[in-house]
Amino acid sequence: MNLDSRLLRQITHARFWLALTVFCGLGNGVLIILWARRLSRVVAEVFLQQAGLDEVHGYLVALIVIVLARAALLLVGEGSAGAAAARIKRTLRAALMERLFSLGAAYARDERSGELATVVSEGVESLDAYFSQYLPQLVMAAALPLMMLLTVFPLDWLTGLVLLLTAPLIPLFMILIGKAGEVLTRRQFTALRRMGAYFLDTLQGLTTLKLLNQSQARGKEIAAVGERYRQTTMKVLRLTFLSAFALELIATIGTAIVAVEIGLRLLYGRIMFEQAFFVLLIAPEFYLPLRMLGLRFHAGMSAAAAVGRIFEILNAAGSSPIRNEEGEKYLKKPEVRSILEEQHLEIRFDRVTFAYPQREQAALDNLSFAIAPGTLTALVGPSGAGKSTIFQILLRFVVPQSGQVWVNGVALSSIPAELWRQKIAWVPQRPHLFNTSLAANIALGNPEASREAIVRAARMAFVDEFAEVFPQGLDTMIGEGGARLSGGQAQRVALARAFLRNTPLLLMDEPTNYLDPQLETLLEQASSLVCEGRTVLIIAHRLSTVHRADKILVLQRGRLVQSGTYTELSASSGLYRDLFEAYGQGV
Ligand code: ADP
């Protein structure tokens, strides 16, 4: 989808508010003209014809009404501009988050999370000024001067000509200065994104930096990055002020020319006072929308810099997000529906090849294997063999370049990713825990689960064994990233999530680190319980796991080199034996 049409679609969501803003702006323009007419008439009658209060009373009331109406229009205009911007920001932010979720782990792994966070927060925020100020101003800068020209020309063509000739100078200078500014603003936004990424990276690695005694050096680097950002910001500001100055100058000179040329003619009696005064009142108002546009041009440019990056993410290649209404369309297909209702899943990889972007070596190379329903399959192989990539494909975070994955004879690619993911429980090696209570972290597996179900899941995964020690039990807050839990405990929380989820397919990545024997036994018991009755795929590092596996697949450089049961593989020579013998206890 191209950039502009996406942007337009977002705008249409808020078109009512934008239209209201523009309407208020135009109404304001009409009122300015009426106001100048009434005022020049009152002044002319009072000063030249010595009219009394009684005669101009009606005009004065009209003037007050006009001023009040202008205030009301301004208020409504500002409010609706704010509403339009808020609406657009909300839609864009939601679209960005939806996209990032659907692009999934594989994309987020390549990108720096601090940078993504800056785009979603600061980047989208910069659109506020664009939609609430720049865009309505653009329409007004085009319409209001035109409206005023049309009223001035019939009254006084000479002033009309002066206005007509000087007005285009403002947009012209704006464009000339803007061209230089565009590069600078883009650079400024890139610097901001980099700084965000760098800062988060540093915060996350603070312990390592402290240990290696590098925090001072890193601090200096952060200061340098901050300084660079300050410098680009100052450059942008300098240019903004310069452009504001240039635009003010043109507007002032324009008004001055009108004043002089009117004054001279008035002196020689070539123009009526009332006309002259009206034109003089209108002249500054004529330049005002153009000057305002110049001032808001900077906001427009910062937004343009952010929009580029936002749409880069929105348009990034990956499986497209499935919305609910589309999901329902898929649900009408009987074969897809039968899979989503099925409790026994048979999975078959058929000559699947996948290479990560910008990688020559394929992570999976023409890989074929089958997993029978309700069995436990262990994936083993050296690091980089492609085990995690198999999970990425099954989780639908990446799509194979060739070959097909079949689920009960239905192509995986024909099942909507979001519906398919409801069939999977995933226990990663380092599960992510959120800064909420233990119970809430478990409930993520199934947000609708009752408290009893959560407690049961916690018991099955032996979470209650360590939760009991905490003063608030399962309601204890566990800190960001599970800061108060050990690796083994975090893994058990993830297992509890899997219990609660109760899906037909379970993907599990065993921890590689050494656990004490008691914990090892607990984890083993919990994981064999959770595996019962499901189709399970485990990236195995434990001897006990390969022992109880129905089938072991040995991978190397994206290919299947051996497969069989524990007894078969231990008896024959090959990679499995090498791995097994190399590590003694486990693979
Ligand atoms: P394993 O889980 O067996 O250690 P992986 O599936 O993680 O292996 O990796 C298989 C290959 O793909 C490796 O060569 C690895 O470097 C590469 N790889 C994995 N993830 C990415 C990624 N996000 N971007 C680029 N290459 C990747």
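The values are calculated or read from the model by the stated rules, or taken from the named source; none is laboratory data. Computed from a predicted model, the values in this text were never measured in an experiment. Here the Cβ positions follow ideal geometry from the backbone for every residue, glycine too, while neighbour counts run over all protein chains shown. Only protein heavy atoms, including side chains, enter the accessible area calculation; ligands, DNA and RNA are left aside. Shrake-Rupley method; radii C 1.70, N 1.55, O 1.52, S 1.80 Å.
Here is how the numbers come out for the structure above:
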item: Selection status of residue 204, modelled with pLDDT under 80 and under 22 Å from residue 113 (Cβ atoms); result: yes
item: Breaking point among (1) within 8 Å of the ligand (Cβ to nearest atom); (2) crowded, with 20+ Cβ neighbours inside 10 Å, for residue 383; result: (2)
item: Test set (1) of a type in the set (D, E, K, R); (2) within 31 Å of the chain's Cα centre (by Cα); (3) at pLDDT 90 or above - residue 360 fails condition number; result: (3)
item: Hits in segment 355-380 (condition: aliphatic (A, V, I, L, M), open to solvent by 10 Å² or more (accessible area, probe 1.4 Å) and within 13 Å of the ligand (Cβ to nearest atom)); result: 355, 362, 363
item: Test result for residue 556, open to solvent by 50 Å² or more (accessible area, probe 1.4 Å) and either at pLDDT 80 or above or within 28 Å of residue 574 (Cα to Cα) (or both); result: yes
item: Listing of helices (runs of 4 or more DSSP H) fully contained in segment 132-244 that carry 2 or more residues being touching a Ser or Thr at 6+ places or on another chain (Cβ under 8 Å); result: 135-155, 169-204, 206-211
item: Hits in segment 404-428 (condition: open to solvent by less than 40 Å² (accessible area, probe 1.4 Å) and not aliphatic (A, V, I, L, M)); result: 414, 416, 420, 423, 428
item: Residue selected from segment 320-354 under the condition over 23 Å from residue 533 (Cβ atoms) and modelled with pLDDT of 85 or more, by the criterion surrounded by the fewest Cβ atoms within 10 Å (Cβ to Cβ); result: 351
item: Only listed residue being under 12 Å from residue 239 (Cβ atoms) and assigned by TED's automatic domain parsing to the domain that holds residue 245, chosen from 197, 180, 217; result: 180
item: Matching residues in segment 48-98 - criterion: being closer than 25 Å to residue 276 by Cα and touching a Gly at 6+ places or on another chain (Cβ under 7 Å); result: none
item: Qualifying positions in segment 402-453 - in a helix (DSSP H, G or I), hydrophobic (A, V, I, L, M, F, W, C) and in contact (Cβ under 8 Å) with a residue 12 or more places away in the chain; result: 412, 417, 419, 420, 438, 439, 442, 443, 453
item: Considering residues of segment 389-401 that are in a loop (DSSP other than H, G, I, E, B) and more than 9 Å from the ligand (Cβ to nearest atom) only, the residue least open to solvent (accessible area, probe 1.4 Å); result: 395
item: Residues that are open to solvent by 90 Å² or more (accessible area, probe 1.4 Å) and either modelled with pLDDT of 90 or more or touching a Pro at 6+ places or on another chain (Cβ under 8 Å) (or both), drawn from segment 50-77; result: 64, 68, 74, 75
item: Count - residues of segment 199-255 that are surrounded by fewer than 14 Cβ atoms within 10 Å (Cβ to Cβ) and among the acidic types (Asp, Glu); result: 2
item: Residue 493 closer than 22 Å to residue 379 by Cα and either open to solvent by less than 10 Å² (accessible area, probe 1.4 Å) or within 16 Å of the ligand (Cβ to nearest atom) (or both); result: no
